[in-house]
Amino acid sequence: MSAPDVSVDAPPRTHDDSPFVRACRGLPHERVPVWFMRQAGRALAEYRAIREQHTFEQVVHTPELAAEVTLQPVRRYGVDAAILFSDIVTPVQALGLGVEIRPGVGPVVEQPFRQPSDLDRLRPLEPEHDLAFVLETVDLLVRELSVPLIGFAGAPFTVASYLIEGGPSKSYSRTKALMYGDEATWHRLMERLADITLASLSAQVAHGASAVQLFDSWAGALHPDDYVTYVLPHSRRVLAELGALGVPRIHFGVATGELLGAMAAGGAADVVGIDWRVPLAEGRRRVPTGIGIQGNLEPAVCLGPWEGVERRVRDVLAAADGAVDHVFNLGHGVLPATDPAVLQRVVELVHGEGRVGDHRGTGAEPTDG
């Protein structure tokens with residue numbers, strides 16, 4: 001399947017010269033760009049005020065509310081990019097699979113996928129119909145934002161893990177049992193989820209998203225050999241086919257230090273996110289030359305005194321060494337207890353002290369993987 005031809009007149013892209021987009025492309029720019037995963041919501045009082053009256057799903061399904069929540073951190077922190085407020089299971093939820101996002105738990109699936117016939121429940125996604133509320137949110141944001149909008153989706157493995165386990169898991173035992181025990185069914189499932197992911201991201205770009213991030217949140221639970229065999233081909237296909245749309249593609253996973261080289265291999269991603277468990281300089285060494293890096297301040301550092309935050313921010317900037325292809329971020333998402341004033345000061349510090357040279361970072365030798 002190629003990137004879907006979404007029938008919509010895409011708005012002109014006005015953020016190609018922004019520090020964020022230029023950093024993703026490894027082009028010179030005037031300051032280190034910074035945004036935070038999970039910056040929309042959680043830590044902000046203005047978000048909690050909305051949630052006092054609306055459930056998470058109501059916010060996601062109401063374009064005006066989802067757009068407002070997406071805009072809040074741009075106003076408060078002065079970040080260089082916004083990320084669409086939605087959820088990684090929203091596309092499969094829209095297919096009527098009985099997916100519910102429970103407070104304090106996360107996505108829960110009423111009837112988990114446990115046998116080959118369950119794949120018949122995964123019909124093709126029709127974004128303009130199934131995700132009309134998401135695309136209306138994108139439309140609203142593109143008109144309002146002064147910075148690029150990042151579209152996003154869950155990678156096939158992470159979405160599959162929710163569908164198979166029935167909810168969050170620590171061991172992913174059922175997921176791995178299917179992966180090892182019925183490879184044909186596993187790859188059919190991954191192919192269908194890749195199609196769904198590709199359709200969702202393509203539609204977000206068609207409506208004006210300036211970049212996309214593919215979240216493989218739980219890929220770090222895999223042995224590197226299993227990741228390369230069972231997961232990477234499907235994520236790489238999504239990223240590769242999105243390449244025709246001409247926007248930067250970011251690939252991120254949690255606890256993926258041993259997978260970084262594979263995640264970046266073949267050049268399908270423009271940027272690879274490095275989580276906080278791997279020193280940024282070491283992450284750079286594992287990512288092939290020519291691929292940008294994003295990260296990677298530990299989120300919990302922001303819960304401590306400012307002196308410690310300041311030092312660690314400077315450590316990340318020093319490790320990036322002024323490379324034009326570095327995007328400053330946390331090594332995962334903003335923690336709910338984080339003081340928004342601290343994040344605002346982080347942005348100011350990165351903008352004030354982050355130097356950008358005229359070179360890309362030097363990593364591993366490029367490989368087709």
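Descriptive notes on the structure:
- Peptides ranked, highest mean first, by Cβ atoms within 10 Å: ranges 337-344, 118-125, 246-253: 246-253, 337-344, 118-125
- Cut-off under 5 Å, modelled amide H: who pairs with Gly292 long-range: Val271, Val272
- Entry note, the chain: the mean residue ellipticity at 222 nm calculated from DSSP H runs of n ≥ 4, each adding -39500 (n - 2.57), is -12000 deg cm²/dmol after division by the residues and rounding to the nearest 500.
- Across the alpha-carbon set of segment 113-183, the Rg to Rh ratio works out to 1.12, Rh being the Kirkwood radius.
- Kyte-Doolittle mean at least -1.0 and Cα axial length at least 24 Å: DSSP H helices in the chain: 183-206
- Residues whose amide H lies under 5 Å from that of Gly253, counting only those 5 or more places away or on a different chain, are Asp216, Gly273; hydrogens are built 1.01 Å from N in the peptide plane.
- About its Cα centre, the dipole of the chain is roughly 680 debye, where the only charges are +1 on Lys and Arg Cβ and -1 on Asp and Glu Cβ.
- Rounded if a/c under 1.5, otherwise prolate or oblate - the chain, Cα gyration tensor axes: rounded
- Positive-end residue, the chain charge dipole about Cα centroid, Cβ charges, pick of Leu239, His251, Ala341: Ala341
- Largest-first principal axis extents, alpha carbons of segment 67-166, Å: 47, 30, 20
Each value in this text was obtained by applying a stated rule to the coordinates, not by laboratory testing. Source: prediction; values computed, not measured. Cβ sites come from the backbone with ideal geometry, for glycine too, and all protein chains shown count toward neighbours.
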